[in-house]
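Below: the structure, in structure tokens.
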Amino acid sequence: MFESNSASVSGDALSSKALRVLHVGPGWGQRGGIASVLEELQSQQGRFQEDGVSFSFFETHGFQRAKDCAAFVFADVPRFAISLLRGVDIVHFHVSVRGSFYRKAMLCVLARVARKKTVFHLHAGNFRQFEASAGSMSRRFVSWFVKGSDAVVAVSSTTGRELQSLGAESRRLHVIANTAVDAEKAVGKPVMSAKREASVPYIAFAGRLAEAKGIDDLLQAVSLLKQQACRVELRLAGDGNVLHWEERARIYGIDDRVVFMGWLGGNEKIAFYRSARVFCMPSHYESFGIATLEAMFAGVPVVGTRVGGFLDLVESGVTGYLVRPTAPVALAACLRRLIDDPVLARAVGDAGLARAQANFSAEAVVCRYIQCYRAVMDGQEVSRV
């Protein structure tokens, strides 16, 4: 569980000169996930510099096409090697599954040969499954990457336990939440939206339109609500196979209740959250849940699943409700409770905002990063390649 920590870490405790951290992130042009985390970090660079930490960012090509693989080998790898010669103290690898893992692992080989401090930062909620289904060579590579890092960062307590099961030492494990800087800054400020106003209460969802996000479960829950004569609309913001989900909505008989908003950002997204009666993210797995945190900062009650980061974010029954994954009946019951009782919805939303401000503020998270980097620089050397 996270605890509030707003005390500043002195830059003198780190070094008399700036500590230089190279963040290695996702492929070019990606949205969401790790890309959002790096955007949040970039927005806080000034605050990090107050404590003697400076950032640079390194992006790689993905592995989706042959030409991208070639670009990674012949362009990204040489660029990364040059970056290591520019006075980098710590290389901070932001890791997910499949291609993300393999790209970062290959670059980590170079970083350790160059005797740089390394941080393994896991963002995926399904990494344990990825590791278990990988071949023996890949599993050894996972072990090498995790165990050999000077620090291992998890975005939630659940992810931290998964990393320990993969060999991460507790003394090198740091649980550092993600942030929602724009949503936090917007607290108490008016925002305008060009999107259409709601004629009936609506359930908001924001994220990738994918099976793993529980979209089908959410559609089934809305179908149940319609059968119960509950006047409510579902609005989904995000990218994905919209045609597929439109067809699923038609099959469930709720195509008149579902609106696909597309990708939202800035004030549009904040207004989208604020105008909702409830936010719902019924993921089958979730490492953290940035959209859920954004909704909490918007003062909206949240309904999610008892997985991953939601267990840290949501105090079920107080700041929202959690149900088991793939349980549309239970999901519909929680949603109905908040839709039918606006007073309860406001109280739960207010409690969620208070929890977000106390435990997941940008200041608290920055301090945890600073403490992690200080531990890396002050810690003992680990085995190298």
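Brief remarks on what is shown
- Stretchable slack from residue 228 to residue 185, in nm (0.36 nm times residue separation minus alpha-carbon distance): 11.6 nm
- Stretchable slack from residue 244 to residue 211, in nm (0.36 nm times residue separation minus alpha-carbon distance): 10.8 nm
- A convex hull fitted around the alpha carbon atoms of the stretch 183-359 yields 102 Å³ per residue.
- The equivalent ellipsoid of the chain has semi-axes of 38, 23, 19 Å, largest first, where each one is the square root of 5 times an eigenvalue of the Cα gyration tensor.
- At least 15 Å along the helix axis (C-alpha) and Kyte average at least -0.5, DSSP helices within the chain: 33-43, 99-113, 136-147, 215-227, 328-340, 342-359, 362-378
- Just checking the listed ones, 289, 238, 317: in the Gaussian network model of the chain with Cα springs under 10 Å, the one fluctuating most is 317.
- Cross-link pairs exceeding 22 Å between alpha carbons, from the set 116/147; 104/185; 189/269; 104/269; 226/269; 147/213: 104/185; 104/269; 226/269; 147/213.
- Each Lys and Arg Cβ is given +1 and each Asp and Glu Cβ -1; about its Cα centre, the chain then shows a dipole of about 780 debye.
- Taking 58, 360, 93 as the candidate residues, the one with maximal mean-square fluctuation in a Gaussian network model of the chain, Cα springs under 10 Å, is 58.
Rule-based calculations on the coordinates, nothing more; no lab input. All values reported here derive from a predicted model rather than from experimental measurement. Here Cβ is always computed from backbone atoms with ideal geometry, including for glycine, and neighbour counts include all displayed protein chains.
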